[in-house]
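Encoded as structure tokens, the structure appears first; notes follow it.
Just so you know, all these numbers are worked out from the coordinates, no wet-lab data involved. All of these numbers come straight from a predicted model, not from anything done at the bench. Every residue, glycine as well, gets a Cβ built from its backbone with ideal geometry; the counts of neighbours run over all protein chains shown.
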Amino acid sequence: MKKISPDFKSGFVAIIGRPNAGKSTLMNRLLGEKLSITSAKPQTTRYAVKGIWNTDKHQVIFIDTPGYLKPRYEMQERMARIISDSFKDVDLVIFMTQIQSFPTDYDLQVLDLLKNVKSPVLAVFNKTDLVEDYDPEKLKQHLPASVEKSLFVSALSGQGIEALEESIRFYMPYHAPFYDEDQLSDLPLRFFAKELIREAIFHQFEEEIPYATAVLIERFQELPHKVVVDALIWIERSSQKPILIGKGGQNLKKIREYAEAELSTFLQFPAEIHLFVKVNENWRKKPHSLKELGFE
Ligand SMILES: Nc1nc2c(ncn2[C@@H]2O[C@H](COP(=O)(O)OP(=O)(O)OP(=O)(O)O)[C@@H](O)[C@H]2O)c(=O)[nH]1
Ligand SMILES: [Mg+2]
């Protein structure tokens with residue numbers, strides 16, 4: 001077994017914040033890999049997505065969480081629980097927001113959640129590339145005194161990321177790695193197949209459809225020359241089904257092509273996806289449907 005140096009650090013970091021702040025983009029940037037799906041729409045992330053950042057000096061395990069909103073339906077209740085569970089046993093919490101609109105009511109709700117956090121908190125103001133000028137002191141005034149440090153970054157362009165990496169490393173405890181050093185996540189490959197299909201749906205449709213859909217992987221088969229995935233897309237109402245499918249199946253075809261390309265890149269291996277659509281009335285409110293989707 002490889003010898004671990006005594007100054008090796010390893011720990012857990014939860015990333016929490018309002019929807020759309022750029023949490024998933026930030027985690028992907030820190031990992032140097034596209035692991036968590038992103039979109040311009042709020043509440044793209046629905047689960048705690050663990051990403052492991054390995055170097056020869058440290059292993060940092062990030063937990064990307066859903067954007068916090070006061071729950072209005074059963075699935076959002078589960079998402080809120082995922083968020084509060086995420087910061088229970090971590091070494092550092094990153095409170096993330098976007099600089100151009102801070103503080104919104106959404107931010108204030110997340111800051112309220114932070115009252116229960118026992119670990120150190122870093123505030124990350126994202127999207128510096130979108131503002132000409134900003135006053136760091138003024139922005140910091142809205143943060144509780146428990147926030148140890150504020151950083152200003154662009155997860156998209158990479159601006160300020162090195163300083164953030166340094167701060168994260170500073171807060172990690174001396175500890176042997178928790179996972180294999182070549183491991184990028186603790187989630188199974190079928191999870192990423194599901195997420196990339198969801199990302200395709202989030203990118204392709206406006207308001208309603210992304211939130212009315214869920215994806216279940218029914219087959220994930222690794223053949224010698226390709227991976228074959230059968231996925232079932234739940235849609236909430238029968239009136240939404242033709243919109244999702246499109247004329248002559250053209251929308252579904254676009255979703256499939258996008259997800260196949262993304263999954264092949266992720267796996268570095270050809271992927272073939274078959275999509276099926278089923279109406280599951282009000283699945284977002286049904287506990288047994290949510291259980292099938294992996295929500296506790
Ligand atoms: N201009 C700019 N856009 C960004 C930056 N970071 C993220 N974005 C964009 O902001 C949108 C939301 O990014 P996500 O990473 O999906 O945000 P999130 O916080 O994970 O959102 P939820 O999962 O919905 O809570 C996407 O369109 C990103 O491309 C940034 O630094 N600058
Ligand atoms: Mg996200």
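Going from the residue with the fewest nearby Cβ atoms within 10 Å to the one with the most, PHE295, PHE95 rank PHE295, PHE95.
Which net charge results when you count Lys and Arg as +1 and Asp and Glu as -1 among the other residues whose beta-carbon is under 11 Å from that of ARG18? Residues close to ARG18 contribute a combined charge of -1. Over 24 Å apart at the Cα level, from the set LYS70/LYS285; LYS127/LYS241; LYS23/LYS253; LYS23/LYS118; LYS23/LYS138, are LYS127/LYS241; LYS23/LYS253. D for the stretch 143-296, whole µm²/s, Stokes-Einstein with Kirkwood Rh over alpha-carbon pairs at 10 °C and 1.306 mPa s: what number? The estimated diffusion coefficient comes to 86 µm²/s.
Most tightly packed first, judged by the mean number of other beta-carbon atoms within 10 Å of their residues, the peptides 159-170, 114-125 read 114-125, 159-170. Note: relative contact order over the stretch 189-292, using C-alpha pairs below 8 Å and six or more positions apart, is 30 percent. Please list log₁₀ I(q)/I(0) at q = 0.11, 0.14 Å⁻¹ for the chain, using the Debye equation with identical point scatterers on the alpha-carbon positions. At q = 0.11, 0.14 Å⁻¹ the computed log10 ratios are -0.69, -1.09. Between SER101 and HIS274, full extension at 0.36 nm per residue minus the direct alpha carbon distance yields a gain of 58.2 nm. When THR128, THR65, THR265 are sorted by how many other C-beta atoms sit within 10 angstrom of their C-beta, beginning with the fewest, the order is THR265, THR128, THR65. Here the Gaussian network model covers the chain, with springs between Cα atoms less than 10 Å apart; of SER157, SER36, SER84, SER157 fluctuates the most.
Fully extending the segment from LYS241 to ARG72 would add 58.5 nm, taking 0.36 nm per residue of separation and subtracting the current Cα-Cα distance. Between HIS142 and GLU162, the FRET efficiency estimated from the beta carbon spacing at R0 = 25 angstrom works out to 0.45. Classify the stretch 51-172 from the C-alpha gyration tensor, please: rounded if a/c falls under 1.5, else prolate or oblate depending on whether a/b exceeds b/c. It is oblate, given that a/c is not under 1.5 and a/b is not larger than b/c. In percent, rounded to a whole number, the relative contact order of the chain is 18, using alpha-carbon pairs under 8 Å and six or more apart.
Here is the list for the stretch 184-246: trypsin sites (Lys or Arg not before Pro) lying in DSSP coil, each with at most 16 other C-beta atoms within 10 angstrom of its C-beta, are LYS226, ARG237.
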